[in-house]
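Here the structure is laid out as structure tokens; the discussion comes afterwards.
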Protein chains: 2
Amino acid sequence: MEIYNAVEHFDEPLHLESGRILSEFDLAYECYGKLNENKSNAIVVCHALTGSAHAAGIYEGDRKAGWWDGIIGDGKAIDTTKYFVICVNILGSSFGSTNPLSIEPSTKKEYRLRFPVLVISDVVRAQMRLFDRLGIKEAYAVVGGSLGGMQALCFAIEFPNFAKRVVMLATTYATKAWAIAFNKIAIEGIVKDPNFKGGYYDKDDIAANGLTGMALGRMAGHISFLSPSTMDKKFGRKYVETDGLYELLGRFEVDRYMEYNGNNFPKRFDPLSYLYVVKMMNNFDCTRHYGSLNEALMLTKARLTFIAFSGDILFPPNLMLEMHEALIQIGQGHRSEYICIDSDYGHDAFLVEIEKIEDYIKKALDE
Amino acid sequence: MEIYNAVEHFDEPLHLESGRILSEFDLAYECYGKLNENKSNAIVVCHALTGSAHAAGIYEGDRKAGWWDGIIGDGKAIDTTKYFVICVNILGSSFGSTNPLSIEPSTKKEYRLRFPVLVISDVVRAQMRLFDRLGIKEAYAVVGGSLGGMQALCFAIEFPNFAKRVVMLATTYATKAWAIAFNKIAIEGIVKDPNFKGGYYDKDDIAANGLTGMALGRMAGHISFLSPSTMDKKFGRKYVETDGLYELLGRFEVDRYMEYNGNNFPKRFDPLSYLYVVKMMNNFDCTRHYGSLNEALMLTKARLTFIAFSGDILFPPNLMLEMHEALIQIGQGHRSEYICIDSDYGHDAFLVEIEKIEDYIKKALDE
């Protein structure tokens, strides 16, 4: 399977839900497989909070493959010998698309905190521009987990004629207080960090040394991605030899995991970009313009598949079950499927429990 | 009900599990009710991580009563007309007992990071000194929740002849990776805060302005104390009007709750003391000297009552159920009771769901 990647520039202004306008923007994306002649075999894959367009395949010299390489590829659940798969880096994210560190055309300086607030609907609308340019009027399917599932749901509600099948994993119709609370640690951590300097931090310094507050926030995130039982199985009470202050304070295997994931994160993800994507997640509520979940889902036309994971504490299964039940209530149960996969892997299950999800995704695409 | 409070000084050295020695120490405590003539009606109540000896009653001029005032008092579940209730501030905590900011006798300076590491067994052994001084050879019961439950369990295992009844709520036989992970945010937050200065922070400054990293850690703690469903019921997606950077980033009701609880915490609890009590919790494993839970529980003689809460994600019910099942396995099921109270209040349930727990506590004491 070959990876095609590109950055597409758009200079028609994008009117955002906030009322502000992005006068121009870039979208970075990757494609796998071949678009057929009548352009009917495109599957849009939407990435999660800190994901990128690099969903599958492996670049020469890289150690790691794309974030959903177990699912996307020749002969895999999302079969690149049959489908043309496209994954777009969301606006606001720092992996190639326009984000707070991009140059603002009117000032010729980085946007930083002048970057407009984005909501999932904006991000989805920007992607539609790209599909339009590529001549893709209809997608065979849209698939996404977590924040990617929120995008998929948005496609289903706001562009009901775009995709025939929408598959959502480990996601919700609205971000609830529990998830907002976890995000709060990240927001506070970043904003209160003396090195954040009101958003005018030194990029090189942060790339080299990290940002302590952001690392703390990410550690909290990594708690929410797992579950008590996985953590127990993974780490138990294993102790790690250490020195200095940590010797006094103690250091467990799970502490090392938190340090590793927390401390490396600011080196690979920009703090401002993180604030904007977290805000995007916090703000997500697909019912906001429609009064109720029933009314929001009434707008959809696609076949909807909800894949939840029993151990997910960030977006617990009941949130997806509510959507399935709402569809039944409005007489649309025939085009809704709810699957709860038994996994104590927590929220991360949609990224790691490949063997448990591949058949359900295949089935959702084949039907 | 009257409150009696005192600080008792001990100048016989306390040999700690770490091998270090506290050459002298203070214990602050409160008592309610009257000790009967043969000193057989004492109930020891053990406080949680950031609790104090002030378990019940209200001081003149105070707005708030003690932390378990709903349970302890005249005619209440722990009835102070019948029992003599005593609650001791644990060693290491900054509410009156010897802690890292106490003066080290040999140097005449504050201990700070020279303070010895304490484990629950040390804390329990120190309390035994106090009971001995008060002439209490046997307690009618020991009761405690969370870290207080760990102490109660230690009393049961290490001083099997001390109490006839031991009641534990929302606790565990060993702190698992999930809880250690939450504590990690606090430890990292404190240690990495530039104002922590390697433990030599300015006390007045922190009491006045707080400590950002510690506030972040406490926010994470407040997530672990609740549950997704309580948070949803309590806060929903309610939005709070705000200004400045928070206007851009958004501020929900739950954010305000986190800010309030996080930011106030360093003003009332000392950072070093917090590091030591968190370490104490992380280190807790009542099986550590005995090879297995069965063998640890084989040492107990008291009637043991385990009260778990269905929504507790910090110390989930299965941890207490394991203890109950271990007791059955070793043929001691007749003196063990396990109750799982349906509550989505999360870990905090043992402090707030008074109506749901009072009858069980009463029953455990009456039997």
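Nothing in this text is a laboratory measurement; each read-out follows from the coordinates by a stated rule. This structure is a prediction, so every number in the text was calculated from the model and none was measured. As a convention, Cβ positions derive from the backbone with ideal geometry for all residues, glycine included, and neighbour counts pool all protein chains shown.
The table below lists the values:
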{"quantity": "Residue mean of other protein chain beta carbons inside 10 Å, A:315-321", "calculated": "1"}
{"quantity": "Residue-span extension gain [A:Glu247 to A:Tyr4] - 0.36 nm each, minus C-alpha spacing", "calculated": "82.6 nm"}
{"quantity": "Rounded to 5, the percent of DSSP beta bridges in the protein assembly as shown classed as antiparallel", "calculated": "40"}
{"quantity": "Separation between Cα centres of the range A:126-140 and the range A:341-367, rounded to whole Å", "calculated": "26"}
{"quantity": "Longest to shortest principal axis, alpha-carbon extents of the protein assembly as shown, angstrom", "calculated": "94, 52, 49"}
{"quantity": "Under-5 Å amide H pairs with A:Tyr338, H placed in peptide plane, nonlocal only", "calculated": "A:Phe306"}
{"quantity": "Span-rule helices in chain B, defined as complete DSSP H runs reaching 30 Å or more along the axis (Cα) with Kyte mean at least 0.5", "calculated": "none"}
{"quantity": "37 °C / 0.692 mPa s Stokes-Einstein diffusion coefficient of the range B:267-367, Kirkwood radius on C-alpha pairs, µm²/s", "calculated": "213"}
{"quantity": "Theoretical FRET efficiency, 1/(1+(r/R0)^6), r = Cβ-Cβ of A:Asp26 and A:Glu60, R0 22 Å, to 0.05", "calculated": "0.35"}
{"quantity": "Binned Cα-Cα distance frequencies in the range B:178-280 - 10 Å width, integer %", "calculated": "15, 41, 32, 12, 0"}
{"quantity": "In the range B:187-277, chymotrypsin sites (Phe, Trp or Tyr not before Pro) in a DSSP loop with at most 16 other beta-carbon atoms within 10 Å", "calculated": "B:Tyr200"}
{"quantity": "Selection of GluC sites (Glu not before Pro), the range B:1-81, meeting DSSP coil and at most 12 other Cβ within 10 Å", "calculated": "B:Glu2, B:Glu37, B:Glu60"}
{"quantity": "Where Rh is the Kirkwood radius over Cα pairs, Rg/Rh for the range A:132-211", "calculated": "1.18"}
{"quantity": "Surrounding net charge for B:Lys76, when Lys and Arg each add one and Asp and Glu each subtract one, Cβ distance under 10 Å", "calculated": "-3"}
{"quantity": "Alpha-carbon Rg/Rh ratio, for chain B, with Rh computed the Kirkwood way", "calculated": "0.96"}
{"quantity": "Per-peptide average of other Cβ atoms within 10 Å, ordering B:131-143, B:176-188 highest first", "calculated": "B:176-188, B:131-143"}
{"quantity": "Positive minus negative residues near A:Glu358 (Lys, Arg vs Asp, Glu; Cβ under 11 Å)", "calculated": "0"}
{"quantity": "Within the protein assembly as shown: Cβ-based charge dipole about Cα centre, in debye rounded to nearest 20 (Lys, Arg +1; Asp, Glu -1)", "calculated": "160"}
{"quantity": "Helix-only mean residue ellipticity at 222 nm for chain A, each DSSP H run of n ≥ 4 adding -39500 (n - 2.57), per residue, nearest 500", "calculated": "-11500 deg cm²/dmol"}
{"quantity": "Inter-centroid distance (Cα atoms) of the range A:146-176 relative to the range B:269-291, Å", "calculated": "44"}
